[in-house]
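Below you'll find the structure, written out as structure tokens, and then a few comments.
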Amino acid sequence: MKKTAILSIVCAFGFQFTNAQSPWTREKGSAYLQLGVTSLSYDALQLDGHKVENIGDYSDVTFQIYSEFGITNKLEAQLILPYKTANYDNAGVSQSISGLGNVSLGLKYKLSDGNWKISSGVLFTANSIKKDESLVVSSTGINANTILPYVSIGSSYNKWYYFGMLGYGYMDNDYSDYLKATIEVGYNIIPKGHLMLVLDTRNPIAKEDAYFNDAVQWASHLDRQTYNAIGIKANYEFIQDKFGANFSTFGAFGIDNAPLAPTINIGVYTKL
């Protein structure tokens with residue numbers, strides 16, 4: 001097949017790490033709780049540097065609970081609970097799978113609270129997925145455990161805020177380690193609303209054997225997933241510091257081993 005460069009595809013990537021890690025932490029006893037949904041439908045993907053089309057109709061819906069809790073004024077705990085429903089249809093063949101995805105637990109510690117906030121953390125993502133090797137949609141997540149240590153730095157000025165995060169994902173089960181980076185810039189565009197520009201990247205460090213040897217993979221959860229995504233996020237807080245909603249969409253380049261399709265990402269949250 002002809003090698004293809006994919007530009008400006010609207011995508012949502014990184015099912016394991018959907019919430020960027022900012023340097024800000026929750027105060028002791030305070031909490032943040034978000035319920036989100038991502039819907040993805042596709043019939044093409046970028047596979048090992050090539051665009052592959054007409055692979056059947058896939059639909060992939062993930063419901064996710066994301067939570068943060070302030071243990072101390074400097075230490076925050078995180079919990080991410082995803083539940084996935086996936087379907088496949090092609091030439092009269094219809095299959096589906098539903099179950100728990102890759103559950104994540106994290107800790108984030110504030111290192112500096114000056115004009116520039118600096119935090120460091122670690123996120124452990126478990127191989128808690130449902131697997132069925134007889135199906136095309138053979139799992140509800142990535143068939144590996146991941147440990148992601150990271151550092152984050154950011155600040156704010158008037159109506160602006162900005163931060164960057166850099167992390168390294170260690171994966172077991174012969175999956176490829178990867179480098180993860182995020183840059184986010186937000187502006188308080190209306191009194192209760194923010195508009196954010198995001199650059200989110202994931203690039204494998206080494207090519208391990210799971211890409212070829214692990215049967216519990218399908219197009220949404222391939223090893224060696226690569227992307228450089230540019231996105232827009234919007235957030236509106238209906239009740240200040242209490243209740244709000246957000247939406248995001250991404251365009252990407254440098255995609256490999258990932259679906260090529262539009263996604264919709266919507267969340268509602270509360271602060272406690």
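The values are calculated or read from the model by the stated rules, or taken from the named source; none is laboratory data. Nothing here was measured: the structure is a model prediction, and the numbers come from that model. Cβ coordinates were reconstructed from backbone atoms using ideal geometry, including for glycine residues, and neighbour counts include every protein chain displayed. For the accessible areas, the whole protein counts, side chains as well, though only heavy atoms, and no ligand, DNA or RNA atoms are used. Shrake-Rupley method; radii C 1.70, N 1.55, O 1.52, S 1.80 Å.
Before moving on, here are some points about what is shown:
- Residues of the range 74-93 satisfying the condition of being aliphatic (A, V, I, L, M), open to solvent by 10 Å² or more (accessible area, probe 1.4 Å) and closer than 17 Å to ASP132 by Cβ: VAL93
- Residues being open to solvent by 10 Å² or more (accessible area, probe 1.4 Å), of a type outside the set (Lys, Arg), part of a loop (DSSP other than H, G, I, E, B) and out of contact with any Leu (no Cβ under 8 Å at 6 or more places or on another chain) - total across the range 163-217: 11
- Remark: pairs (first residue in the range 48-64, at negative phi; second residue outside any strand (DSSP E or B) and open to solvent by 70 Å² or more (accessible area, probe 1.4 Å); Cβ separation under 6 Å; 6+ apart in sequence or on different chains) = HIS50/MET1.
- Only listed residue being more than 19 Å from the chain's Cα centre (by Cα) and over 22 Å from TYR66 (Cα atoms), chosen from ASN228, ASN203, ASN158: ASN158
- Given (1) touching a Lys or Arg at 6+ places or on another chain (Cβ under 9 Å); (2) open to solvent by 30 Å² or more (accessible area, probe 1.4 Å), index of the condition ASP60 fails: (2)
- Output for the range 117-153, where each listed residue is touching a helix residue (DSSP H, G or I) at 6+ places or on another chain (Cβ under 9 Å) and farther than 14 Å from ALA86 by Cα: ASN143, ALA144
- Counting the residues of the range 250-272 that are open to solvent by 30 Å² or more (accessible area, probe 1.4 Å), more than 21 Å from VAL185 (Cα to Cα) and either out of contact with any Ser or Thr (no Cβ under 9 Å at 6 or more places or on another chain) or among the charged types (D, E, K, R) (or both) gives 3.
- Residue that is nearest to TRP24 (Cα to Cα), among those in the range 106-140 that are aliphatic (A, V, I, L, M) and either at pLDDT 95 or above or open to solvent by less than 30 Å² (accessible area, probe 1.4 Å) (or both): ILE118
- Comparison of ALA126, ALA77, ALA86 shows that the only residue that is in contact (Cβ under 8 Å) with a residue 24 or more places away in the chain and in contact with an Asp or Glu (Cβ under 6 Å, 6 or more places away or on another chain) is ALA86.
- Scope the range 236-249; condition part of a strand (DSSP E or B) and open to solvent by 30 Å² or more (accessible area, probe 1.4 Å); matching residues: TYR236, PHE238, ILE239, PHE243, ASN246, PHE247, THR249
- The criterion of being in contact with a strand residue (DSSP E or B) (Cβ under 7 Å, 6 or more places away or on another chain), within 30 Å of TYR211 (Cα to Cα), part of a strand (DSSP E or B) and at pLDDT below 90 holds for LEU40.
- Count of residues meeting criterion [assigned to a strand (DSSP E or B) and either among the polar types (S, T, N, Q) or closer than 26 Å to ILE189 by Cβ (or both)] in the range 219-235: 9
- Residue within the range 119-134 that is assigned to a strand (DSSP E or B) and over 26 Å from LEU272 (Cα atoms) present: yes
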